[in-house]
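The values are calculated or read from the model by the stated rules, or taken from the named source; none is laboratory data. Keep in mind it's a predicted model, so treat the numbers as computed, not measured. Heads up, the Cβs are rebuilt from the backbone with ideal geometry, glycines too, and the neighbour counts pull from every protein chain shown.
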Amino acid sequence: MTSCHQWRTGRRGITAAPAAIAAVAAPAAASSRRRGNRGDRSSGTASNLIGRALRSCGYAPRVQPPPLRTVVLTAVTLLIVLTCIRLGFWQLHRLDGRKEANAEISAAEAAPPRPLPVLLAGTNDPTSLRFRPTVATGTYDPAHEVLLYGRSSVQGEPGDQLLTPLRLADGRGIVVDRGWIPLDRGVPVTGEAAAPPGTVTVAGVLFPPDVTTIPTGTVSPVQRITKVDLGQIGAQLPYPIVPVYLLLQTQRPSQQGALPEPPPLPPLTNGPHLSYAVQWFSFATITIVGYIVLLRRDRTDILAAVAPHRREEV
């Protein structure tokens, strides 16, 4: 004990360690010679005693590097967890953007309606007028009506929406979404859904188009479209149109019947971003839990494999 203590404190140098080991191992070696054929077991006992002597003198067992499986598992886990966390925060960022956009749209829609010529005169970019309430006066052009295909009524019945150009006093036009009509109607629409003749005053909210294509070559007349495409509609008109369309809310004079059914304003929602963020964070948590479970299982397998050798040494 003194030799080990002196070796650890440095008073006798490293040469004390072999002396301490020899003092412990010598009796075991002598016992091995006396036992003869049982030398293998005695040798194991001596090795075990030497190991204990080394540990008592401050020697730590040699630390084995982690298996390749553990290294790969750790790297893959870190990659997956960091990616999921990054995607989760990205969805939260998109949620904040959606909330800000909805607040701006709500504020714009809540503004008092202003005449369309006044709004157009106050900006060089008519697309900036989106979501603004407005009032316009002009004459419908039913000869160039277009059906917006595949839209449902408020009650969920299938049908189309009717897009009718309104010719303004300055010679330009604006496309008016007059509302829903049942399927199997041709254009120009007749009957109770027909556009009122003469001068009309419409009130509604300006919306940006779904898409604006630039037709090339010969333009073919179009009667049905699946998106509000002002480029396609404008290409078949003999006058220019403003780059936004009007979602009709009221009209004077009013329609003679119940059709077209006035279109409601699109609802403002936050979208699925919050649920997507929760899913990504859940994936990260599941990955961490799975990583811990696999590490514990690997450690249990290693201990189970080493246990028989330890029993042989005792």
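Would you mind telling me which numbered condition in (1) part of a helix (DSSP H, G or I); (2) surrounded by 18 or more Cβ atoms within 10 Å (Cβ to Cβ) residue 231 fails?
With (1) part of a helix (DSSP H, G or I); (2) surrounded by 18 or more Cβ atoms within 10 Å (Cβ to Cβ) applied to residue 231, the lone miss is (2).
Would you mention how many residues in segment 174-206 are of a type in the set (A, V, I, L, M, F, W, C), within 14 Å of residue 151 (Cβ to Cβ) and surrounded by fewer than 19 Cβ atoms within 10 Å (Cβ to Cβ)?
1
Evaluate segment 119-136: report whether one residue or more is touching a strand residue (DSSP E or B) at 6+ places or on another chain (Cβ under 9 Å), within 18 Å of residue 259 (Cα to Cα) and assigned by TED's automatic domain parsing to the domain that holds residue 209.
Within segment 119-136, not a single residue is touching a strand residue (DSSP E or B) at 6+ places or on another chain (Cβ under 9 Å), within 18 Å of residue 259 (Cα to Cα) and assigned by TED's automatic domain parsing to the domain that holds residue 209.
Looking at (1) under 25 Å from residue 109 (Cβ atoms); (2) out of contact with any His (no Cβ under 9 Å at 6 or more places or on another chain); (3) touching a residue at least 12 places away in the same chain (Cβ under 8 Å), can you tell me which one residue 192 breaks?
With respect to (1) under 25 Å from residue 109 (Cβ atoms); (2) out of contact with any His (no Cβ under 9 Å at 6 or more places or on another chain); (3) touching a residue at least 12 places away in the same chain (Cβ under 8 Å), residue 192 is out only on (1).
Considering every residue within segment 72-79, establish whether at least one is farther than 25 Å from residue 289 by Cα, free of Cβ contacts under 8 Å to residues at least 60 places away in the same chain and not assigned by TED's automatic domain parsing to the domain that holds residue 207.
No; the residues of segment 72-79 include none that is farther than 25 Å from residue 289 by Cα, free of Cβ contacts under 8 Å to residues at least 60 places away in the same chain and not assigned by TED's automatic domain parsing to the domain that holds residue 207.
Need a quick list: strands (runs of 3 or more DSSP E) entirely within segment 146-193 having at least 2 residues that are outside the structural domain of residue 224 (by TED's automatic domain parsing) and among the charged types (D, E, K, R).
Those strands (runs of 3 or more DSSP E) do not exist here; none qualify.
May I ask you to list pairs of residues, at least six apart or on different chains, whose Cβ atoms are under 8 Å apart, with the first in segment 235-263 being under 30 Å from residue 156 (Cβ atoms) and the second being of a type in the set (Ser, Thr, Tyr) and in a loop (DSSP other than H, G, I, E, B)?
261/153
Could you tell me which residue of segment 93-151 is farthest from residue 244 (Cα to Cα), considering only residues that are of a type in the set (Val, Ile, Thr) and at pLDDT 90 or above?
Of everything passing the filter in segment 93-151, 139 is farthest from residue 244 (Cα to Cα).
Kindly provide the set of residues from segment 105-116 that are surrounded by 12 or more Cβ atoms within 10 Å (Cβ to Cβ) and in contact (Cβ under 8 Å) with a residue 24 or more places away in the chain, ordered by number.
105, 108, 109, 113, 116
Scanning segment 262-271 for residues that are of a type outside the set (S, T, N, Q) and surrounded by fewer than 13 Cβ atoms within 10 Å (Cβ to Cβ), which turns out farthest from residue 95 (Cα to Cα)?
264
Does residue 143 qualify as being surrounded by fewer than 18 Cβ atoms within 10 Å (Cβ to Cβ) and not in a strand (DSSP E or B)?
Here the answer is yes, as residue 143 does meet what is asked.
Listed residues 75, 101; which is surrounded by fewer than 11 Cβ atoms within 10 Å (Cβ to Cβ) and within 27 Å of residue 279 (Cα to Cα)?
75
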